[in-house]
1. Rank-order 94-100, 198-204, 230-236, 132-138 by packing density, defined as the average count of other C-beta atoms within 10 Å over each peptide's residues, highest first.
2. Going down the table (98/122; 122/151; 13/55), which pairs top 23 Å between alpha carbons?
3. Counting pairs of alpha carbon atoms under 8 Å apart in space and at least six apart in sequence, what relative contact order in percent does the range 292-340 give?
4. Could you tell me whether the range 1-135 comes out rounded, prolate or oblate from its Cα gyration tensor? Rule is a ≥ b ≥ c as square roots of the eigenvalues, rounded for a/c under 1.5, then prolate if a/b exceeds b/c, otherwise oblate.
5. May I have the convex hull volume per residue, in Å³, for the Cα set of the chain?
6. Within straight cross-link reach of residue 330, meaning Cα distance under 21 Å, which lysines are found once same-chain residues fewer than 8 apart are removed?
Amino acid sequence: MTANETEIVADEKVPTIEIVREFDATPEQVFRAHIDPELYRRWVGPRSLTTRILKWEGHTGGAWAFANDRDGEEIAAFFGSFHEVRASERIVWTFTWKGAPDSVALETLTFESRGDGGTRLKVLSVMSDFATRDGMLSSGMDVGVKEGYDKLDELLGHRTGPAQQHLQDAAMFTALVESASPADWSRPSPVSGWAAIDVVRHLVEWSRGFLAGGAGIELPALDVGADPAAAWTQHVADIQAILDDPAGRVLSNPHTGDMPVDEAIDMFYTADVWMHSWDLAKAIGREPDLGRERCAAALEAMRPMEQVLRDSGQYGPAAPVADDASSQDKLMAFIGRDPAWQPGR
């Protein structure tokens, strides 16, 4: 059960349905659960049905289709297109029931931060006429919506610790990947000798090798060069699946010893995703925001290990930074980045 209620309002003057629902999870997490097909199929619709994803191109201009089954028999199918996908902020898509292909709804989903770590989701569905709108309401749509959002609450709530941290950090990095244009991938990054695409390639390749060598988890190779966004999307899904069900697996490393695989991913890989979000954002001309408090905490934890980190070659010499600089700038300077770095400078 959940303490959050779903509000569904049908306007008397125009053929619309407005849905408002709050979640005790970040906008990044709620957005990802709507745009990631594996997550979406796990919560959408009533509890009596299961969902099969038939097609899913979760980006602006992409298409989607799914079917609902009961006891292996298809009950209903739906399809549409993604008109706009704005990471962690907004999705605009068309929604059509296969049984009434002439009736197309235009839905706008907005993901608003509550300011306390939670999210207020607003959905506005616009239909062509009142008959279509009222038919949808009388079909039991309200039950499916309410039960679906309750399932989403449960899904988000089950992710704790390493699984939830990865969901959040990967969503931030994914938003950057999805915002990059084809030309952006060849732009220089703050990491010497790396282009933007190399930031993605690094995270994908080293972590898959890390899991194969230390935990015996063999994941298929991904071609980042051919399609960085597709490779990253698959990589995120692969890592999240391990974190959602670590199954008692252990990662062994001669330098770190034996650790539960989810803890090892969290300590070494997820933290790397978070840090490299700064590099990718800078490379493609975005202004990164790693979070003031988290940057300060990370810097405080790293200072006592400074010489060890420097000797390992993991970080270069510290860059100069003003005493009154932000905690993010100080963290980047500590690991050897120039906080003022910009492409071409």
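1. Numbers: 94-100: 14.1, 198-204: 22.1, 230-236: 19.7, 132-138: 15.7.
Output ranking for 94-100, 198-204, 230-236, 132-138: 198-204, 230-236, 132-138, 94-100.
2. Working: 98/122 25 Å; 122/151 17 Å; 13/55 35 Å.
Table pairs above 23 Å Cα-Cα are 98/122; 13/55.
3. Details: 46 pairs, mean separation 20.0, N = 49.
Result for the range 292-340 is 41 percent.
4. Values: a/c = 1.39, a/b = 1.16, b/c = 1.20.
Here the range 1-135 falls in the rounded category.
5. Values: hull volume 57.6 nm³, N = 345.
For the chain, the hull spanned by Cα atoms encloses 167 Å³ per residue.
6. Answer for residue 330, where 21 Å is the Cα cut-off: 282, listed by chain and number.
Each value in this text was obtained by applying a stated rule to the coordinates, not by laboratory testing. Predicted model, so just to flag it, every value in this text is computed and none were measured. Quick reminder, even Gly has a Cβ in these numbers, built from the backbone with ideal geometry, and neighbours come from all protein chains shown.
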